[in-house]
Every structure is written in C-alpha cells, then in structure tokens.
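Undergrad: Below: one structure in structure tokens.
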Amino acid sequence: MTILAADPDTGEMTDPRDMQRTIRLLLQGHPDVRRVHELGKLKLPRGEVSIADTDHLHKQPLQRRVPRRQHPVTLLCGDDPAEVGAVVIRFGEGEVARVERAQGTFPYAEDDRLWLKGTVAAIFDYSTAGNLYEPERKRVEALLVLPDDQPGALIAVPGLSKPWNVAVFRPALDGATFYSAWWALDAADEPLALVVDCALFA
C-alpha cells in the first residue's frame, strides 16, 4: 500500500513522510524491507541517469552527473516480493551528509516527480538511449518486459550500434502514479547513491 494520500481539498497526492529520514533508512536497512534483490551493475558510460517508462525511453537525464562506470543496483521490496518499494544505485561509500530531491534537465527542469504510468519502469544512461535509432528503440522496448513474479532485472541488449544496458523494475503502484528520486550526498556534495522511492516505505 502506498504512503501517498490525496489532499481532501485539492485532490493532489501528498507525501507525509520525513524524506531525509526515509532515504537514510533505505540506505542503512529499513525495518519494513522484506526482500532485497541485487541486480548487478548498471553501465553509465556518460554518467547521465534517466528514469522513464519502458514505452517512453527518450527521457531527459537528471541534473546531477555520476561517475562514468558501472554501479550496483539493488531493489527493495515489501510484503509483495514482485513489487518494488525502492531502487538504490550506489556510487560510493561514506557517510550521508544530506539528502536532495533529484531534478530533471530541460524541458523537465521543474519536475521533481516521476510520472510512471506504465507497469514497468527503466533506469539507463541517457546518452546511450539517445543514440538508438528508431528500429533499435522499438526492439529495445519489446525486450524490456518482466514476468509477473519478477520485480526487476538488469538487461543487456546485444547487437545495437553501441553497447547498451538498462535496469527495469515493477513499481509498487497501488493506484498512484508519481514517485520521486533522491540523491544521498557526502560532505563534499558528491553523490553516494540515488534512491528511486516508490512511496511504499514510511
């Protein structure tokens, strides 16, 4: 069940949580996490992270950049092992000094929410997806699917003009379609992790 609630006056979805606390708990071991899935390492050759529905891969990247290499991806699930409550991508070790909501780039610079209206979401390096030709894009979209009992996967797509891989996951939707992404930053303001929050954990 999602944490989000509808404002009775406006109908807008609101989030009552202290996100600084919640994101730190998700990185350190949230007590409501029932299952952890280690997907492997996501290649981010340009350090440009995009988050999108699998049928809308042309999504502008987040404003912050991350180190250009492979980074481990972890899925955190609650009572339903097939629904993902949070996705964690780690970039380094260290103490979290502060937590910052992730923002998009133009024309999504004002966006601080993820509108994931499909049943499967994707995380990938924007520059790699941006280099796909239309026939390649259609083939990738056809590959990015999940069995009903599988919460996520790390998929390498062979035979493209450039090597490409993507992390796909099934958010815990429960009728609400917007989520958020958060940077965990160290004392030097460098990203230690990116957490995609699916509004499942308090």
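The values are calculated or read from the model by the stated rules, or taken from the named source; none is laboratory data. Being a predicted model, the structure only gives us computed values, none of them experimental. Here the Cβ is made from the backbone with ideal geometry for all residues, glycine too, and neighbour counts use every protein chain on show. Areas reflect the complete protein model, heavy atoms only, side chains present, ligands, DNA and RNA absent. Shrake-Rupley method; radii C 1.70, N 1.55, O 1.52, S 1.80 Å.
Undergrad: Any residue that is open to solvent by 30 Å² or more (accessible area, probe 1.4 Å), touching a strand residue (DSSP E or B) at 6+ places or on another chain (Cβ under 9 Å) and outside any loop (DSSP other than H, G, I, E, B) - is there at least one of those in the range 68-80?
TA: yes
Undergrad: Could you tell me which residue of the range 92-110 is modelled with the highest pLDDT, considering only residues that are farther than 16 Å from V196 by Cβ and of a type in the set (V, I, T)?
TA: Across the range 92-110, the extreme among qualifying residues is V96.
Undergrad: Looking at this structure, is D197 over 21 Å from V73 (Cβ atoms), modelled with pLDDT of 90 or more and among the acidic types (D, E)?
TA: For D197, the condition - over 21 Å from V73 (Cβ atoms), modelled with pLDDT of 90 or more and among the acidic types (D, E) - is not met.
Undergrad: So which residues in the range 138-165 are open to solvent by less than 30 Å² (accessible area, probe 1.4 Å) and at pLDDT below 85?
TA: Once the filter is applied, which keeps residues that are open to solvent by less than 30 Å² (accessible area, probe 1.4 Å) and at pLDDT below 85, the range 138-165 yields only L160.
Undergrad: Could you tell me whether the range 120-135 includes any residue that is at pLDDT 90 or above and either of a type outside the set (A, V, I, L, M, F, W, C) or surrounded by fewer than 16 Cβ atoms within 10 Å (Cβ to Cβ) (or both)?
TA: yes
Undergrad: Could you tell me which residue of the range 85-102 is least open to solvent (accessible area, probe 1.4 Å), considering only residues that are in contact with an Asp or Glu (Cβ under 6 Å, 6 or more places away or on another chain) and of a type outside the set (K, R)?
TA: As a first pass, look at the range 85-102 and keep what is in contact with an Asp or Glu (Cβ under 6 Å, 6 or more places away or on another chain): 86, 94, 97, 101.
From the residues that got through so far, the ones that are of a type outside the set (K, R) too are 86, 94, 97.
Numbers: A86: 0, G94: 58, A97: 57 Å².
Once the filter is applied, the top-ranked residue is A86.
Undergrad: Okay, moving on. Are there any pairs with C-beta distances below 7 angstrom linking a residue in the range 142-167 that is part of a strand (DSSP E or B) to a residue that is among the charged types (D, E, K, R), with the two at least 6 apart or on different chains, and if so which?
TA: G152/R170; N165/K43
Undergrad: Please tell me if V84 is modelled with pLDDT of 95 or more and β-branched (V, I, T).
TA: No.
Undergrad: Further, regarding this structure: If you go through the range 1-58, how many residues are out of contact with any Pro (no Cβ under 9 Å at 6 or more places or on another chain), of a type outside the set (G, A, S) and assigned to a loop (DSSP other than H, G, I, E, B)?
TA: Of the residues in the range 1-58, 20 are out of contact with any Pro (no Cβ under 9 Å at 6 or more places or on another chain), of a type outside the set (G, A, S) and assigned to a loop (DSSP other than H, G, I, E, B).
Undergrad: Next question, about the same structure. Count, please, the residues in the range 145-202 that happen to be charged (D, E, K, R) and farther than 25 Å from E110 by Cβ.
TA: Result for the range 145-202: 6.
Undergrad: Is it true that G11 is open to solvent by less than 70 Å² (accessible area, probe 1.4 Å), touching a residue at least 24 places away in the same chain (Cβ under 8 Å) and at positive phi?
TA: No.
Undergrad: Then there's this: Which one is modelled with the lowest pLDDT among residues in the range 55-67 that are out of contact with any Lys or Arg (no Cβ under 7 Å at 6 or more places or on another chain) and open to solvent by less than 80 Å² (accessible area, probe 1.4 Å)?
TA: K59
Undergrad: Just give me the residues in the range 179-202 being more than 16 Å from the chain's Cα centre (by Cα) and assigned to a loop (DSSP other than H, G, I, E, B), in sequence order. Please lay out each step first, then the result.
TA: As a first pass, look at the range 179-202 and keep what is more than 16 Å from the chain's Cα centre (by Cα): 185-190, 202.
Passing the criteria: D186, A187, A188, D189, E190, A202.
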